[in-house]
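Read the structure below first, then the notes.
The values are calculated or read from the model by the stated rules, or taken from the named source; none is laboratory data. Bear in mind that the values here come from a model prediction, so they are computed numbers and not experimental data. All Cβ positions, glycine included, derive from the backbone under ideal geometry; neighbour counts span all protein chains shown. Protein only, heavy atoms only, side chains kept; ligands, DNA and RNA dropped before computing areas. Shrake-Rupley method; radii C 1.70, N 1.55, O 1.52, S 1.80 Å.
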Amino acid sequence: MPRPKFPVHQLLLRSVQVARDEVTALLWSFSYFFALLCSYYIIRPMRDEMGVLGGVENLQWLFTGTLLAMTAAIPLFGWVSSRFPRRRFLPYVYGFFILALLLFYLLMDQQRASPTVARAFFIWASVFNLFVVSVFWSFMTDIWADHQARRLFGFIAAGGTLGALAGPALTTLLVQPLGARNLLLVSALLLVWAIFCIARLSRWSGNRPTDHPVPDADQLLGGGIWDGIRLVIRSPYLLGICLLMLLFTTLATFLYLMQAQIVRDAFSDSAQRTAVFAAIDLTVNGLTLLLQLFLTSRLIKWFGLATVLAIIPLLLSIGFTVLSMAPVLMVLLVVQVIRRAGNYAIMRPAREMLYVVLTREEKYKAKNLIDTLIYRSGDAVSAWIYAGMRSLGMGLGGIALIAVPLALIWAGIAFSLGRQQVKLAETRHSEEV
């Protein structure tokens with residue numbers, strides 16, 4: 001077999017568990033995820049600031065609006081994915097978000113968005129984040145086999161983390177001299193690069209020799225616009241993933257709303273708050289990158305998928321316990337960093353491996369439903385629950401105490417799903433042989 005032509009290939013072969021014929025596709029996957037998350041994280045601090053401007057006490061309404069927008073988007077995605085081959089409907093999805101970025105560019109004032117545009121942008125950005133990332137991981141589980149995913153998904157996820165580091169760094173550096181409005185154009189250009197990466201990976205997937213069946217990029221998924229719901233209802237395994245997602249997003253929303261309240265009370269200036277949100281993103285993503293490059297794949301190799309899936313919720317149960325006793329800014333931020341870095345570096349790659357053993361229709365339609373509608377349903381419901389607890393006079397310590405058993409239940413479900421994934425992978429491998 002010919003030796004890699006570039007030094008970066010040689011470095012990857014020495015530092016990552018990658019085969020020579022996988023290096024090129026691994027780099028395109030890495031670049032693809034970098035572009036996506038850099039695009040999103042350029043605008044994420046803007047989204048958080050617009051949520052604060054709309055009133056922290058009204059954030060549950062924005063979460064509800066996001067859920068309604070997501071509900072409307074699901075059948076549209078089902079229609080597109082059923083009627084167009086993968087090589088076409090994936091670019092269509094990203095093309096839609098590029099057009100939306102250009103529209104917001106036209107609607108925004110150079111200095112400050114109107115309240116209506118700010119609320120619309122918050123909702124749109126929340127939909128954008130989940131959809132583009134969900135489609136990315138659907139594509140990854142479609143072109144990589146289970147044994148490859150266990151070795152490579154951690155490194156691929158690191159591409160997203162680098163993008164998530166670059167995005168807020170660019171925002172912090174350029175938001176003052178350029179204005180937030182012009183950063184939307186940079187975000188759109190990165191999505192154009194993501195479309196190019198899709199084309200390269202589709203070509204690689206279709207041409208490579210492989211020891212497992214790879215669906216044709218021109219093959220239609222078929223079916224109806226609501227097939228994602230049908231597939232989830234009929235599968236106990238997918239229902240388990242739904243429950244895992246609901247618990248994950250409930251605890252994440254509790255922490256997000258606590259963070260919004262504390263940052264609002266601590267900083268009165270809008271630009272300061274935007275800079276704080278960007279600094280939190282930089283801290284989380286720096287830690288995430290280190291974990292992804294040096295620990296994620298090794299944890300799965302050492303302890304197995306089931307145990308790795310349970311690590312973060314178990315750590316969160318400890319974090320919420322401490323937070324219930326000391327509900328102060330520093331403790332909250334430490335728990336938030338653990339949750340977000342642990343999710344991006346460990347939980348997210350491991351969770352995506354749950355889908356590798358499923359059918360192609362489940363990877364795109366059922367997974368997209370879970371990653372978007374189920375996710376945002378958890379956001380909306382938990383935001384209203386949080387608002388209700390606050391209206392009853394419950395403090396941050398009491399809310400944190402309620403979160404402890406939820407985190408333990410989440411850990412148990414995650415461990416069970418990890419064991420089921422291993423059994424499904426073994427069954428699928430025996431059938432292919």
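Matching residues to (1) among the hydroxyl-bearing types (Ser, Thr, Tyr); (2) open to solvent by less than 40 Å² (accessible area, probe 1.4 Å); (3) within 14 Å of LEU36 (Cα to Cα):
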{"residue": "HIS147", "(1), (2), (3)": "no, no, no"}
{"residue": "ALA158", "(1), (2), (3)": "no, yes, yes"}
{"residue": "LEU162", "(1), (2), (3)": "no, no, yes"}
{"residue": "LEU170", "(1), (2), (3)": "no, no, no"}
{"residue": "ALA188", "(1), (2), (3)": "no, yes, yes"}
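What are the pairs, 6+ residues apart or on separate chains, where a residue within region 275-297 that is within 12 Å of LEU333 (Cβ to Cβ) and without any contact (Cβ under 8 Å) to a residue 24 or more places away in the chain has its Cβ under 7 Å from a residue that is surrounded by fewer than 24 Cβ atoms within 10 Å (Cβ to Cβ) and not aromatic (Phe, Trp, Tyr)?
VAL276/VAL263
Among (1) more than 23 Å from ILE374 (Cβ to Cβ); (2) open to solvent by 10 Å² or more (accessible area, probe 1.4 Å), which single condition is VAL127 missing?
(1)
Among (1) of a type in the set (S, T, N, Q); (2) closer than 23 Å to THR296 by Cα; (3) modelled with pLDDT of 85 or more, where does SER202 come up short?
So the condition that SER202 fails would be (2).
Are any residues in region 143-177 within 21 Å of LEU102 (Cα to Cα) and out of contact with any helix residue (DSSP H, G or I) (no Cβ under 9 Å at 6 or more places or on another chain), and if so, which ones?
PRO177
Restricting to helices (runs of 4 or more DSSP H) lying wholly in region 254-348: which have 2 or more residues that are among the aliphatic types (A, V, I, L, M) and at pLDDT below 85? Working first, answer last.
Details: elements: 270-294, 296-303, 305-325, 329-342.
Where helices (runs of 4 or more DSSP H) fall fully within region 254-348 and carry at least 2 residues being among the aliphatic types (A, V, I, L, M) and at pLDDT below 85, they are 270-294, 296-303, 329-342.
Give the number of residues within region 366-389 that are over 15 Å from LEU62 (Cα atoms) and either modelled with pLDDT of 85 or more or touching a Lys or Arg at 6+ places or on another chain (Cβ under 9 Å) (or both).
Qualifying residue count for the region: 5.
Test THR321 against the stated conditions and say whether it is among the hydroxyl-bearing types (Ser, Thr, Tyr) and either on the phi > 0 side of the Ramachandran plot or open to solvent by 30 Å² or more (accessible area, probe 1.4 Å) (or both).
yes
Check THR372 against each of (1) in contact with a Ser or Thr (Cβ under 8 Å, 6 or more places away or on another chain); (2) open to solvent by 10 Å² or more (accessible area, probe 1.4 Å) and name the one condition it does not meet.
In the conditions (1) in contact with a Ser or Thr (Cβ under 8 Å, 6 or more places away or on another chain); (2) open to solvent by 10 Å² or more (accessible area, probe 1.4 Å), THR372 misses (2) alone.
So, of the residues in region 230-253 that are in a helix (DSSP H, G or I) and small (Gly, Ala, Ser), which turns out to be surrounded by the most Cβ atoms within 10 Å (Cβ to Cβ)?
The qualifying residue surrounded by the most Cβ atoms within 10 Å (Cβ to Cβ) is ALA252.
Looking only at helices (runs of 4 or more DSSP H) that lie completely in region 19-112, which have at least 3 residues being surrounded by fewer than 16 Cβ atoms within 10 Å (Cβ to Cβ) and at pLDDT below 80?
In region 19-112, the matching helices (runs of 4 or more DSSP H) lie at 59-83.
Identify, by number, the condition in (1) closer than 23 Å to MET140 by Cβ; (2) β-branched (Val, Ile, Thr); (3) buried (at least 18 other Cβ atoms within 10 Å of the Cβ) that VAL381 doesn't meet.
(1)
Somewhere in region 192-202, is a residue free of Cβ contacts under 8 Å to residues at least 40 places away in the same chain and touching a Leu at 6+ places or on another chain (Cβ under 7 Å)?
Checked against the condition, which is being free of Cβ contacts under 8 Å to residues at least 40 places away in the same chain and touching a Leu at 6+ places or on another chain (Cβ under 7 Å), region 192-202 yields no hits at all.
Give the number of residues within region 347-369 that are among the β-branched types (Val, Ile, Thr) and open to solvent by 10 Å² or more (accessible area, probe 1.4 Å).
2
As an exercise: evaluate ALA400 against (1) over 21 Å from LEU323 (Cα atoms); (2) surrounded by 20 or more Cβ atoms within 10 Å (Cβ to Cβ) and give the number of the one condition it does not meet.
The failed condition is (1).
Has region 310-317 got any residue that is open to solvent by less than 20 Å² (accessible area, probe 1.4 Å) and more than 24 Å from ALA260 (Cα to Cα)?
yes
Inside region 135-153, can you point out the residues that are among the aliphatic types (A, V, I, L, M), more than 15 Å from SER31 (Cβ to Cβ) and in a helix (DSSP H, G or I)? Steps first, please.
Going through region 135-153, the residues among the aliphatic types (A, V, I, L, M) turn out to be 135, 140, 143, 145, 149, 152.
Retained after the next criterion (residues that are more than 15 Å from SER31 (Cβ to Cβ)): 135, 145, 149.
Scanning region 135-153 gives VAL135, ALA149.
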